[in-house]
Amino acid sequence: MNNSKKIAGLAGLASVLWMGLTAAVAANQKRLLFNPLGSKREVLKPYSSGHRTRPIVVRAKDGTRLAGWLMTPPVAGPHPGVVYFGGRSEEVSWVARDAGKLFPGMAVLAVNYRGYGDSHGDPAEEHFVDDGRMLYDWLSERHHVDPKRIAVVGRSLGSGVAVQVAMERDANSIVLITPYDSILAIAKRKFKAIPVEYVLQHKFESIKYAHQIKAPTYVLRAAFDDIVPHSHTDLLVEKLGTLHADEIVPDSDHLNIPYLESTQARIASFLASRFSA
């Protein structure tokens with residue numbers, strides 16, 4: 001075999017491998033992006049020492065069953081409210097456990113995404129955002145909640161949901177934990193040899209919506225983050241309409257940041273100041 005045939009053969013093999021890898025990413029993107037870990041709870045018996053805690057089931061607009069927890073202060077309302085959106089693979093029962101420190105004196109709604117925990121359905125960006133708006137409206141209609149004082153809190157993947165919900169609802173304030181410019185941009189960084197912009201269905205392009213955010217936004221970054229590099233957060237922060245603060249939590253990484261006392265104290269302080277303003 002001469003050199004030209006060898007080169008042609010190698011080029012053909014590379015093309016087949018590239019096409020195979022692209023097809024694999026396209027076919028497995030839901031698992032790669034969402035990866036819900038079945039129905040196993042992070043906390044077996046979720047309970048907030050500072051709230052009345054009750055499991056709830058709400059129905060999405062298409063009838064899909066969504067399950068989570070509603071936590072309300074023990075004293076009479078109306079109270080400020082918080083809607084929490086979790087990260088990739090995150091089951092949200094831990095929010096009920098930690099709500100006394102994270103959200104003192106606030107009504108809190110933490111519901112698992114479709115396909116997560118006891119929620120039914122298949123995960124998808126469109127569903128997450130539609131359901132997020134519905135959950136915001138559901139909480140605002142509770143008699144013990146002040147509809148003018150509702151915040152959205154999003155962690156990692158959920159920051160993209162929080163941004164899109166806040167864009168279309170009159171949120172009092174926003175907390176974004178380890179947020180990104182877009183999942184598409186992170187995927188491009190990770191899969192440099194693949195045209196992910198053509199195969200990725202769930203792009204979560206927060207950077208496109210950030211300038212429309214009117215509510216004060218508090219950004220919290222992990223000190224060590226190998227999942228959402230700070231450069232991707234920088235691009236989002238530059239576009240935010242109203243930035244309250246952009247802080248790095250010491251001794252934190254992408255996975256432990258929401259559980260740290262320092263993080264929880266910062267969020268509680270910010271929300272309390274916003275709700276009392």
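The values are calculated or read from the model by the stated rules, or taken from the named source; none is laboratory data. A quick note: this is a predicted structure, and the numbers were derived from the prediction, not measured. Cβ atoms come from the backbone with ideal geometry, glycine included; neighbour counts cover every protein chain shown. The protein model used for the area step is the full one, side chains on, heavy atoms only, and it has no ligands, DNA or RNA in it. Shrake-Rupley method; radii C 1.70, N 1.55, O 1.52, S 1.80 Å.
Annotations for the structure displayed:
- Note on the range 65-153: enclosed strands (runs of 3 or more DSSP E) holding 2 or more residues that are touching a Leu at 6+ places or on another chain (Cβ under 6 Å), open to solvent by less than 10 Å² (accessible area, probe 1.4 Å) and in contact (Cβ under 8 Å) with a residue 60 or more places away in the chain are 79-85.
- The range 209-225 - residue that is of a type outside the set (Phe, Trp, Tyr) and over 17 Å from the mean Cα position of the chain (by Cα) and, of those, least open to solvent (accessible area, probe 1.4 Å): Ala215
- Residue list for the range 226-255, filter: β-branched (Val, Ile, Thr) and either without any contact (Cβ under 8 Å) to a residue 60 or more places away in the chain or open to solvent by 30 Å² or more (accessible area, probe 1.4 Å) (or both): Ile227, Thr233, Val237, Thr242, Ile248, Val249
- Within the range 54-64, considering residues that are among the basic types (Lys, Arg) and touching a Leu at 6+ places or on another chain (Cβ under 9 Å), the one nearest to Ala110 (Cα to Cα): Arg54
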